[in-house]
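Q: Mind having a look at this structure? Questions to follow.
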Amino acid sequence: MSETIQNIRGFGDILPAEAPAWGFVEAAFSDELERYGFDRIRLPIVEKTALFARSIGEVTDIVEKEMYTFSDRNGDSLTLRPEGTAGCVRAGIQRGLLHNATPRLWYMGPMFRHERPQKGRYRQFHQIGAEVFGLTGPDIDAELILMSGRILRRLGLDGVRLELNNLGSPAARADYRQALVEHFLAHESALDEDARRRLESNPLRILDSKNPAMEPVVATAPDLLDYLDAESQAHFDRLKAMLDAAGQPYRINSRLVRGLDYYGGTVFEWISDDLGAQGTVLAGGRYDGLVEMIGGRPTPAIGFAAGLERLVALVEALGNVPPGPSPHAYLVVPDAEGMPESLALAERLRHQHARLRLQVHMGGGSVKSQLRRADRSGAALALIHGAAERAAGTITIKDMRGHREQTTVAVDRLSATLEDWLADGLNRL
């Protein structure tokens, strides 16, 4: 016997029992995004490596350590996408979506990073992202934040909190960067290896260190908000006023910098403690220079992304997942000779009730064993279509969940009878 082939480490299966939670999360995002005027875009999984090196930053952990990069048969360097924003911007430029327009785009799908697999973090993971282009004001920042909060509340994540910051203009960040370098150089002996490496390339990322030993030197670092330029400060003040007017609580976190080089201006994170440890469940911000960086015209932009694995784990842990759909009816066929007629009947019923969930028993077996299968399926009704019923032109209906008595009706009356027996279930579809 050949050795059983296993999945690749960090590339998991999403099993049928997990599908309701995934569908619940995906539907909440897609429904609310459409309500706010977003259009879905479907992006390729593989892009040219240069796209991510240019946008994410060549000295980030993602580009240096985590990307799945390979050469194709033509010798071109290609990469499995590690995030969605860069590909969305590339498509917007290439397909002319950004020209004299303010598109609202959203996408969903797998991303890939070669990280150490752990609970809620895999090498193939799934994200939903939303991006808005062409708008400079804090109003779109506020709406995106309020919309993302609405989606999280729809998922039952009432305990999430919003943290907010503004990274300022490129010039202001340059001044702050210099102050940070001076501070960390003065405490160089306290820096870990990762912080020393970032000191020259991206000192702002040191602020995001998870090393407890680094906490004192990070806590005494200069405050980013003290270096904000006037325009960014005015933008930030107007954003906060809009959130205040909408009744949206938030906490200013001047250490919030996000992990990708292209962010500038507004940045935000929604954070949950419901999985036992603080974790970001949705995050985003402004990236007004990214379109030009990738080769387009200067275009303001803002967006967010959410990791589906973490959100699914949260809604499951909190018991917020509605039950998955069960069949409305299960057609019991006790003898193989009756299968052609039973299949034809099932097709007629599906045609008459476009949203009816009807499962036909396959594989034979006694009426008793088939009724056990019907019960395990969660069906509301069992429809018994045996030789006696076929000969009489009837069908027997058994209530699997309620207290109606078993009854036999003419096949030509079955559709109307189903409408009556399943009225509540069918109307909820």
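Q: Considering only the stretch 84-95, how many residues are surrounded by fewer than 20 Cβ atoms within 10 Å (Cβ to Cβ) and over 13 Å from G134 (Cβ atoms)?
A: Of the residues in that region, 3 qualify.
Q: Might you check whether a residue that is out of contact with any Asp or Glu (no Cβ under 9 Å at 6 or more places or on another chain), assigned to a loop (DSSP other than H, G, I, E, B), over 14 Å from P170 (Cα atoms) and modelled with pLDDT of 95 or more occurs anywhere in the stretch 237-246?
A: yes
Q: Still on this model: I'm trying to understand the selection: among the residues of the stretch 351-374, which are surrounded by 13 or more Cβ atoms within 10 Å (Cβ to Cβ) and either outside the structural domain of L422 (by TED's automatic domain parsing) or not small (G, A, S) (or both)?
A: Our first condition is that a residue be surrounded by 13 or more Cβ atoms within 10 Å (Cβ to Cβ); within the stretch 351-374, this holds for 352-353, 356-361, 365, 367, 369-371, 373-374.
Scanning the stretch 351-374 gives Q352, H353, L356, R357, L358, Q359, V360, H361, V367, Q370, L371, R373.
Q: Also: Among the residues of the stretch 327-361, count how many are within 18 Å of T407 (Cβ to Cβ) and of a type in the set (S, T, Y).
A: So the answer is 1.
Q: Do we have R357 as of a type outside the set (G, A, S) and within 29 Å of A17 (Cβ to Cβ) here? Reasoning before the result, please.
A: Details: of a type outside the set (G, A, S): yes; within 29 Å of A17 (Cβ to Cβ): yes.
For R357, the condition - of a type outside the set (G, A, S) and within 29 Å of A17 (Cβ to Cβ) - is met.
Q: Which one is surrounded by the fewest Cβ atoms within 10 Å (Cβ to Cβ) among residues in the stretch 417-429 that are under 11 Å from H353 (Cβ atoms) and at pLDDT 85 or above?
A: It comes out as E419.
Q: A further question on this structure: When the stretch 135-172 is examined, which residues are found to be surrounded by fewer than 22 Cβ atoms within 10 Å (Cβ to Cβ), of a type in the set (D, E, K, R) and in a helix (DSSP H, G or I)?
A: Within the stretch 135-172, D139, E143, R150, R153, R154 qualify.
Q: Which residue, of A336, A354, A387, A344, is without any contact (Cβ under 8 Å) to a residue 12 or more places away in the chain and farther than 21 Å from W421 by Cα?
A: Residue meeting the stated conditions: A344.
Q: Is there a residue in the stretch 104-112 that is surrounded by 15 or more Cβ atoms within 10 Å (Cβ to Cβ), part of a loop (DSSP other than H, G, I, E, B) and either modelled with pLDDT under 95 or in the same structural domain as R258 (by TED's automatic domain parsing) (or both)?
A: So far as the stretch 104-112 goes, no, none of its residues is surrounded by 15 or more Cβ atoms within 10 Å (Cβ to Cβ), part of a loop (DSSP other than H, G, I, E, B) and either modelled with pLDDT under 95 or in the same structural domain as R258 (by TED's automatic domain parsing) (or both).
Q: Working only within the stretch 362-380, note down all residues that are closer than 19 Å to R401 by Cβ and more than 35 Å from the chain's Cα centre (by Cα).
A: V367, K368, Q370, L371, R372
Q: From the list V267, V291, which one is assigned by TED's automatic domain parsing to the domain that holds N100 and either surrounded by fewer than 22 Cβ atoms within 10 Å (Cβ to Cβ) or in a helix (DSSP H, G or I) (or both)?
A: On the way: V267 fails: either surrounded by fewer than 22 Cβ atoms within 10 Å (Cβ to Cβ) or in a helix (DSSP H, G or I) (or both).
Step by step, each of V267, V291 is checked, and only V291 is assigned by TED's automatic domain parsing to the domain that holds N100 and either surrounded by fewer than 22 Cβ atoms within 10 Å (Cβ to Cβ) or in a helix (DSSP H, G or I) (or both).
Q: When the stretch 115-134 is examined, which residues are found to be touching a residue at least 60 places away in the same chain (Cβ under 8 Å) and not in a strand (DSSP E or B)?
A: Answer for the stretch 115-134, where residues must be touching a residue at least 60 places away in the same chain (Cβ under 8 Å) and not in a strand (DSSP E or B): E115, P117, K119, G120, Y122, R123, G134.
The values are calculated or read from the model by the stated rules, or taken from the named source; none is laboratory data. What you see is a predicted model, and the numbers here were worked out from it, not measured in a lab. Here Cβ is always computed from backbone atoms with ideal geometry, including for glycine, and neighbour counts include all displayed protein chains.
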